[in-house]
Amino acid sequence: MSVKLNVRQVGDVSVIDAAGRITLGEGSSTLRDALRDLVTKGHKKVLLNLSEVSYIDSSGIGELVSAYTTVANQGGVLKLLGLTKRVKDLLQITKLYTVFEVHDDEAAALRSFA
Amino acid sequence: MPTNPNGTQPFEQDLDSTLEAVDKAEAIVVEQAMKAGFDEDEAHQIGMAVRECVVNAVVHGNRYSAHKKVHFTVFSRDNRFTIKIADQGEGFELTAVPDPLAEENLLRHSGRGMFLIRAFMDSLEVKKLSPHGTEVTLTKALGPA
């Protein structure tokens, strides 16, 4: 299964609920397109919910990094929510866990944007 | 802990140069790794290493050519689980990727595939094939390192 995205607005924060696999091909491009769409529309606070993402490969990691820099380059901020153990481990061994602001609780994550 | 140190029968298959074949190779190797005795997390890591390697073969080696195959072999012998992945391309340079953990490279979009392969496997060997093609051999020890 490739990745499925649902974008919802909570106050001024755009929450992207992702589910499935973010891997080379459709999974990566789906996330890239969604992020670009949000940034183009001026959304600068993005919370990417990965709690239902079962798998990310090196291409998917690249897309997370691109998402982070795309939003940051527009003066915004992208944070991550709900990493599974495997995704967390992957971000740790690639030293990206300290680059992203990661939250386990959505309410706390939303408050952190204030 | 791995429980089958006496080996498994070699599994061989020619895969198309497609991203669907990447998924297939990963699924096969995870199944074979579990049969060999690795636990679920280890099998997942081996599968991810193989995925990255087959992506290289399909994308950089065979360049998605419908006329070229990726030959894929999995076996365990002498307490080592081994995967061989051979493409039919013109060859590509594996060592020219900057260190993805260096501070200045952390926000690069690409360049983490080989790092993940090395992180999850015990050894990685690359051999040029004649007249063309590249064969990558990955191994991981069965049992305590």
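The values are calculated or read from the model by the stated rules, or taken from the named source; none is laboratory data. All figures in this text were calculated on a predicted structure; none of them were measured in a lab. Glycine gets a Cβ as well: all are built from the backbone with ideal geometry, and neighbour counts include every protein chain shown.
When residues of the stretch A:37-47 are filtered for being surrounded by fewer than 24 Cβ atoms within 10 Å (Cβ to Cβ) and either assigned to a loop (DSSP other than H, G, I, E, B) or in contact with a Leu (Cβ under 7 Å, 6 or more places away or on another chain) (or both), how many remain?
Final tally of qualifying residues: 4.
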Residue in the stretch A:69-78 that is β-branched (Val, Ile, Thr), within 11 Å of the chain's Cα centre (by Cα), within 14 Å of another protein chain (Cβ to nearest Cβ) and part of a helix (DSSP H, G or I) present: yes
Failed criterion for B:Thr95 (all others in (1) modelled with pLDDT of 90 or more; (2) under 16 Å from B:Glu52 (Cβ atoms) hold): (1)
Residues of the stretch A:101-114 that turn out to be exposed (fewer than 15 other Cβ atoms within 10 Å of the Cβ) and of a type in the set (A, V, I, L, M), as a count: 3
A:Ala34 being among the small types (Gly, Ala, Ser), in a helix (DSSP H, G or I) and modelled with pLDDT of 95 or more: no
Matching residues in the stretch B:55-78 - criterion: being among the polar types (S, T, N, Q), touching a residue at least 60 places away in the same chain (Cβ under 8 Å) and out of contact with any Gly (no Cβ under 6 Å at 6 or more places or on another chain): B:Asn56, B:Thr73
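Quick one: which residue in A:Leu50, A:Leu64, A:Leu91 is crowded, with 23+ Cβ neighbours inside 10 Å and at pLDDT 95 or above?
On the way: A:Leu64 fails: at pLDDT 95 or above; A:Leu91 fails: crowded, with 23+ Cβ neighbours inside 10 Å.
Just one listed residue meets the conditions, A:Leu50.
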Filtered residue count, the stretch B:39-52, keeping only those that are over 15 Å from B:Thr134 (Cα atoms) and either within 10 Å of another protein chain (Cβ to nearest Cβ) or not in a helix (DSSP H, G or I) (or both): 7
Search result, residues across the stretch A:79-88 that are part of a loop (DSSP other than H, G, I, E, B) and crowded, with 20+ Cβ neighbours inside 10 Å: A:Gly82, A:Leu83
Positions within the stretch B:24-38 being within 22 Å of B:Phe115 (Cα to Cα) and not in a helix (DSSP H, G or I), in sequence order: B:Phe38
Sole exception among (1) more than 21 Å from B:Asp41 (Cβ to Cβ); (2) of a type in the set (S, T, N, Q); (3) surrounded by 14 or more Cβ atoms within 10 Å (Cβ to Cβ) for A:Thr98, by number: (3)
